[in-house]
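No lab work stands behind these numbers, since they all come straight from the coordinates. Computed from a predicted model, the values in this text were never measured in an experiment. Cβ coordinates were reconstructed from backbone atoms using ideal geometry, including for glycine residues, and neighbour counts include every protein chain displayed.
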Amino acid sequence: MQVFHTVNGLREILRKHRNSGQKIGFVPTMGNLHDGHLALIKQAKQTNDIVVCSIFVNALQFGLNEDWDKYPRTYDSDCEKLDQEDCDYLFYPEDSEMYPNGLDTQSRVICPTMTDVLCGASRPGHFEGVTTVVSKLFNIVQPDEAIFGIKDYQQLAVIKRMTEDLCLPVKIISAPIHREADGLAMSSRNSYINEDERPKVKVLKQALELIAEQIKAGDLEFTQLEMEAKKRIESEGFKADYVTISNRKTLEPAAVDDREITILGAMYTASARLIDNISINLD
Ligand code: PAF
């Protein structure tokens, strides 16, 4: 695998592949790669001739009191893993390469819907940071396809919407959630979970699953179901951020006649914020 630190270097090599008719797949990440990320690379390899991964811990999507400085940076082991997956190129830029004019005056990409609810409500500005960096990365790599995990469901929905709104010539592909043996969704932030909490964090998935079963059994008292799920999370000692039964496409609260529903949840442990979601079809 060849590593590029500059926009120009990466562009030059990718231009050659594009000109010779090769299809380019792209997996943007913030590093600390786990099996979930590697599954995205595997998926990209299946439908593309060339696969590019990026690792960039994007300060623009972290709030002032969030974990940008302690976010796990594991460059050497990430490179080994990408090599094993036969990833072709890694883009690993410095902050100054991505934001040469500084963060404060950086032009932004704003998606006005879906970004101030759910995770956006607790993390103001987060999605603006995501859409800005993802559109920059799309402009740098110019991929045919970009692959994102469903674990970050709201991020995926926002990126799909941004891509559609801005007519970006990139096909957005979604990849299933990868889970630990007890059901916990894989995330780089799982390394923050302390030993005492680790056996209990599966409650987030369990609470969402119970809602899914109840809805399928005909219980459409959504507000009540959300409240009960939050209580269940809190009974294990965690702080529920939100549990929301949403319309899958708009992420607005689901109506009782919605057929495609996504149940999303987020909770705080002592030192991590965890998210998860489950989608159900009622037809
Ligand atoms: O999901 C992530 O790792 C990040 O939000 C992304 C999409 C790489 C943008 O920084």
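Going through (1) in a strand (DSSP E or B); (2) more than 16 Å from the ligand (Cβ to nearest atom); (3) buried (at least 18 other Cβ atoms within 10 Å of the Cβ) one by one, Val3 falls short only on (3). In the set (1) surrounded by 18 or more Cβ atoms within 10 Å (Cβ to Cβ); (2) in a strand (DSSP E or B), the condition left unmet by Ser279 is number (1). The numbered conditions (1) away from the ligand (no atom under 13 Å from the Cβ); (2) buried (at least 19 other Cβ atoms within 10 Å of the Cβ); (3) of a type in the set (A, V, I, L, M) are all true for Leu168 except (2). Looking at region 44-53, can you tell me whether even one residue there is within 22 Å of Glu128 (Cα to Cα) and under 17 Å from the mean Cα position of the chain (by Cα)? Yes, region 44-53 has at least one match. For first residues located in region 140-156 and closer than 11 Å to Ile172 by Cβ, partners that are away from the ligand (no atom under 12 Å from the Cβ) and in a helix (DSSP H, G or I) and lie 6+ apart or on another chain with Cβ distances below 6 Å form the pairs Ile147/Gln43; Ile147/Ala44.
Among residues of region 26-37 that are closer than 17 Å to Asp67 by Cβ, those with a Cβ under 8 angstrom from a residue that is small (Gly, Ala, Ser) and within 8 Å of the ligand (Cβ to nearest atom), sequence gap 6+ or separate chain, pair up as Thr29/Ser54; Met30/Ser188; Gly31/Ser188; Asn32/Ser188; His34/Ser188.
Summed over region 228-248, the residues that are closer than 28 Å to Asp67 by Cα and either of a type in the set (D, E, K, R) or assigned to a loop (DSSP other than H, G, I, E, B) (or both) give a count of 9. For a quick check of your reading of the model, give me the residue pairs whose first member lies in region 161-182 and is closer than 16 Å to Glu145 by Cα, whose second is basic (Lys, Arg), with beta-carbon atoms closer than 8 Å and at least 6 apart or on different chains. Correct list of pairs: Ile172/Lys160. Scanning region 249-273 for residues that are assigned to a loop (DSSP other than H, G, I, E, B) and buried (at least 18 other Cβ atoms within 10 Å of the Cβ) yields Leu251, Ala254, Asp258, Thr269, Ala272. Taking Ala217 and the conditions (1) touching a Cys at 6+ places or on another chain (Cβ under 7 Å); (2) without any contact (Cβ under 8 Å) to a residue 40 or more places away in the chain, which numbered condition does it fall short on, given that it satisfies the others? Failed condition: (1).
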